[in-house]
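Visitor: Got a structure here, written out as C-alpha cells. Questions coming.
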Amino acid sequence: MQNLISKESLVLIAICILDTAITAVLVATGRAEEANPLMAQCLRQGIAHFCLVKALTVLPLIVVAESYRRQNPVFVKKVIRIGIGVYLGLYFGLLAVVNAAN
C-alpha cells in the first residue's frame, strides 16, 4: 500500500514549519527582520496572518504534487526534491546576503 504522503513532502512541510517558527521567534524578539517584502507585510498584519500565508503558499503545492504522485511517483519525487533544494538554497543564500550586509 502506498503512503498517504511521501517522505519528500513531509520533509518540505517540516522545513517550511521550521522556517516559519524560526522567523516568528527571531522577529518577535527583535533579533531579525523578514527579508521578503511580501512576507514582511504579512508579519506586520500579525503572526497568525504570517503563518496562514506561509501555509497557503506551500500546502496547495503539496496537495497537487501528492495527487499527481499516484500517476507518476518518480517525477513527483524528483520535483519535490528539487523544490527542497531550491527552498534551502534561497533560505541560506538570503540569510548569507542579509547577514553580510549587516
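Visitor: Look at the stretch 40-52 and say how many of its residues are surrounded by fewer than 17 Cβ atoms within 10 Å (Cβ to Cβ) and in contact (Cβ under 8 Å) with a residue 12 or more places away in the chain.
Guide: Residues that pass the stated criteria total 1.
Visitor: Working carefully through the options 35, 21, find the one that is among the small types (Gly, Ala, Ser) and more than 30 Å from residue 67 (Cα to Cα).
Guide: Of 35, 21, the one residue that is among the small types (Gly, Ala, Ser) and more than 30 Å from residue 67 (Cα to Cα) is 35.
Visitor: While we're on this one: In this structure, is residue 64 exposed (fewer than 15 other Cβ atoms within 10 Å of the Cβ), within 19 Å of residue 14 (Cα to Cα) and aliphatic (A, V, I, L, M)?
Guide: It is true that residue 64 is exposed (fewer than 15 other Cβ atoms within 10 Å of the Cβ), within 19 Å of residue 14 (Cα to Cα) and aliphatic (A, V, I, L, M).
Visitor: Among residues belonging to the stretch 67-93 that are more than 13 Å from residue 19 (Cα to Cα) and aliphatic (A, V, I, L, M), point out the one that is surrounded by the most Cβ atoms within 10 Å (Cβ to Cβ).
Guide: Across the stretch 67-93, the extreme among qualifying residues is 80.
Visitor: Just give me the residues in the stretch 1-56 being farther than 15 Å from residue 91 by Cα, part of a helix (DSSP H, G or I) and not aliphatic (A, V, I, L, M), in sequence order.
Guide: Matches in the stretch 1-56: 7, 8, 9, 41, 42, 44, 49, 50, 51.
Quick note: the coordinates plus some simple rules give every number you see, no bench work behind them. Since we're looking at a predicted model, the values are computed, not measured. Don't worry about glycine lacking a Cβ; one is built from the backbone with ideal geometry, like all the others, and counts go over all protein chains shown.
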